[in-house]
Amino acid sequence: MKRTCHEIAPGILLGGLLGLLLGAGGFTLREGEAFAYLSDESKVCANCHIMRDHYDGWQKASHHTAATCNDCHVPKGFIPKYWTKAENGYHHSKAFTLQNFHEPILAQPKSRRVVQNNCIRCHGDLVSQMLAKPRPADEPFRCARCHDRVGHGPTR
């Protein structure tokens, strides 16, 4: 039984669209060096030009010899770490593609919480007494309030 053009055309069109989508997606992943972001190397963070100042500042900062970008900016644990990396990657690529980001780039509330938790994880013994002091609800303890240059040093 022969198939008519009307029966074959939708399959060819669907296959062509799927191939185009997979090709464009693969090209984007390769050109954006997406898989490099799975590593723990800080230099990967500077793949985007907007992060260059932050990376350069980190190289001059006091934590350069003790912490990578991931040590501060992603939570510990396999799933939380890679979930956060995927989430940040999505938001960053969307913002850079649409060119709707603040310059200089600003950390979002969730990212600030991750950094805060990582500060306490590493320096808990040092700050335990400060954390124990009662504080007003609108003035939470924030390491970066006083130590905003520790991780990135001078960025401009």
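Here are the numbers for the structure shown:
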read-out	value
Of the criteria (1) in contact (Cβ under 8 Å) with a residue 40 or more places away in the chain; (2) farther than 27 Å from THR28 by Cα; (3) assigned to a helix (DSSP H, G or I), which one ASP56 fails	(2)
Within the stretch 116-155, considering residues that are more than 24 Å from CYS45 (Cα to Cα) and small (Gly, Ala, Ser), the one surrounded by the fewest Cβ atoms within 10 Å (Cβ to Cβ)	ALA137
Within the stretch 56-78, tally of residues that are among the β-branched types (Val, Ile, Thr) and within 17 Å of SER39 (Cβ to Cβ)	2
Wholly enclosed helices (runs of 4 or more DSSP H) of the stretch 66-155 bearing at least 3 residues in contact (Cβ under 8 Å) with a residue 24 or more places away in the chain	69-73, 78-98, 109-132
Search result, residues across the stretch 53-74 that are within 14 Å of the chain's Cα centre (by Cα) and not acidic (Asp, Glu)	HIS54, TYR55, THR68, CYS69, ASN70, CYS72, HIS73, VAL74
Meets criteria (at pLDDT below 85 and either polar (S, T, N, Q) or more than 25 Å from GLY77 (Cβ to Cβ) (or both)) for CYS5	yes
Candidates HIS92, HIS54, filtered to the one that is closer than 11 Å to SER42 by Cβ and not small (Gly, Ala, Ser)	HIS54
Where a residue in the stretch 17-42 is on the phi > 0 side of the Ramachandran plot and modelled with pLDDT under 80 and its partner, wherever it lies, is surrounded by 10 or more Cβ atoms within 10 Å (Cβ to Cβ) and assigned to a helix (DSSP H, G or I), with Cβ under 8 Å and at least six apart	GLU33/VAL44; GLU33/ASN47
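The values are calculated or read from the model by the stated rules, or taken from the named source; none is laboratory data. Since the structure is predicted, the reported quantities are computational estimates derived from the model, not experimental observations. Methodologically, a virtual Cβ is constructed for each residue, glycine included, from the backbone with ideal geometry; neighbour enumeration extends over all protein chains shown.
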